[in-house]
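Notes to accompany the following structure.
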Amino acid sequence: MSFKRLEADDFLVSSNAISATAWTTGLPTLSTFFTSSTQSNGSSGNYYLNVFDTSTTASVQFAIAYGNAVGSGSAVYNPAVNGLSPTSTIFGQWQDLVIGDENTNFTFGAITSSEFFALPIERACYKESLFLGSLSLNIAGPVLSSGSITLTDNSAYVTSVQFCAAGRVFQLITGSAGVISSNLTKNTSDGYSTNSGSYGWFLPDIGTIILNPLALAAPTASGGIGFVYSGSAFSGSLVYTNQTNANSQLFRAISGSTGFTLNSQETIVSDFIFVRPRSSEFNYSENPSFISGSTGEVLYPQFINNPQVYINTMSL
């Protein structure tokens, strides 16, 4: 038996990125949206709203959660303690998860905000992270005259990536599939709203989209869609009546849109080890039956100048 130590060029590491849809439907665009009355009317409905792909045998695709630093938008836990409510809890949870500092608010572009909508993608829908440049989130305005807005991430336009406690951070801008679509009569040249900063954050490493409600609530002339999430009633293509839950209002704005396109990404790392006998090696035998036990000479002279042996076993 012969022994050979593996060398550096016997090892190869291969890394490949594989993208796939982020939805359990297998399609890149989610175009039908449903909620569950059981979930929304239950205790968790005060905090977030699950969004499903179908009304029967449905799978959760993402959730909607509104956070507000001072607890606005939901009833307080205790009437004697102002400011503590499900929305303040949501704000604190995401503040700790994303920013990692309870004293720092979210900054959308250059605008600091004490409120947001979080859209976490269902963890079972993706394996590693969200695919940069694949996002096209369409949100419909409350009335026909408001139209709609499509948002994407600005990953294709940044020279240095920003990081937070949740990993990479990209700003949400007007556009689709990673390509900016800026109307200078409504938006700034970088795709932000005119007075309210970017439209939110794209956090691919934790599979979450953070929306800036101030940018969405801006009038159309400033790049918004007049989105209202305080319970006001509208007339038009989408009617918000008796809505006290901001999550329900954002759901209506998304479900009344043209769709939600998003892909995921997974990096597959493979280690290859090449076990190979080279032509100049192992062309001999250490089988003791080939050697004379008394003289130590090779019993078969033809092996001396013309050895011919064959490997029959390889092991690691």
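The values are calculated or read from the model by the stated rules, or taken from the named source; none is laboratory data. What you see is a predicted model; the values in this text were computed from it and never measured. Ideal geometry is used to build each Cβ from the backbone, glycine not excepted, and the neighbour counts take in all protein chains shown. These accessible areas exclude ligands, DNA and RNA; they are computed on the full protein's heavy atoms, side chains included. Shrake-Rupley method; radii C 1.70, N 1.55, O 1.52, S 1.80 Å.
Using Cα springs under 10 Å in a Gaussian network model of the chain, which residue among T261, T104, T150 shows the largest mean-square fluctuation?
Result: T104 has the largest fluctuation of those listed.
Mind telling me which of V51, V228, V275 comes out most flexible in a GNM of the chain, alpha-carbon contacts under 10 Å?
V275
Relative contact order for the chain: what percent, with Cα pairs under 8 Å and sequence separation of 6 or more?
21
Hey, what's the per residue convex hull volume over the C-alpha atoms of the range 37-93, in cubic angstrom?
Hull volume over Cα atoms, normalised by residue count, gives 77 Å³.
Quick one: which residues, 5 or more positions from S134 or on another chain, have an amide H under 5 Å from its amide H? H modelled 1.01 Å from N in the peptide plane, none for Pro or chain starts.
N263
Students often check this: by mean Cβ neighbours within 10 Å, which of 129-137, 160-168 ranks highest, and how do the rest follow?
129-137, 160-168
Give, as a single signed number, the net charge of other residues whose beta carbon lies under 11 Å from the beta carbon of A69, with Lys and Arg counted +1 and Asp and Glu -1.
That sum, taken over residues with Cβ under 11 Å, equals -2.
Could you work out what % of the accessible surface of the chain is carbon and sulfur, using a 1.4 angstrom probe and leaving DNA, RNA and ligands out of the count?
The computed percentage sits at 53.
Determine, from the Cβ-Cβ distance of I304 and R5 and an R0 of 30 Å, the FRET efficiency 1/(1 + (r/R0)^6), rounded to the nearest 0.05.
Approximately 0.65, to the nearest 0.05.
Quick one: if you stick a label point 7 Å off each Cα along the C-beta vector at E128 and S19, how many nm between them?
That separation, rounded to one decimal, is 1.4 nm.
Whats the longest run of the chain with zero GluC sites (Glu not before Pro) that are DSSP loop and have at most 16 other Cβ atoms within 10 Å?
129-280
Given N residues in the range 1-157, what is its alpha carbon radius of gyration divided by 2.2 N^0.38 Å?
1.45
Just to verify a number: FRET efficiency for S59 and A80, C-beta to C-beta distance, R0 = 41 Å, to 0.05?
Here the calculated transfer efficiency is 0.50.
Mind putting a number on the dipole of the chain about its Cα centre? Charges go on the C-beta only, +1 for Lys and Arg and -1 for Asp and Glu, and I need it in Debye to the nearest 20.
700
Which whole number of Å³ per residue matches the convex hull of the alpha-carbon atoms in the chain?
221
If R0 is 51 Å, what FRET efficiency do you get for Y157 and S37 from their C-beta distance, rounded to 0.05?
0.75
Taking springs between alpha-carbon atoms closer than 10 angstrom, which of S222, S14, S289 fluctuates most in the Gaussian network model of the chain?
Taking springs between Cα atoms under 10 Å, the residue moving most is S289.
When the helices in the chain are scored as -39500 (n - 2.57) per DSSP H run of 4 or longer and the sum is shared across all residues, what 222 nm value do you end up with, to the nearest 500 deg cm²/dmol?
Result for the chain: -2500 deg cm²/dmol, rounded to the nearest 500.
Just the accessible area per residue of the range 1-146, please: how many Å² with a 1.4 Å probe?
Solvent-accessible surface per residue comes out at 52 Å².
Which far-off residues, 5 or more places away or on another chain, put their amide H under 5 Å from the one on N154, with H placed in the peptide plane?
Q171, I173
Just report the Cα centroid separation between the range 80-114 and the range 43-63, whole Å.
23
About the Cα centre of the range 1-141, how large is the charge dipole given +1 on each Lys and Arg Cβ and -1 on each Asp and Glu Cβ? Please answer in debye to the nearest 20.
240
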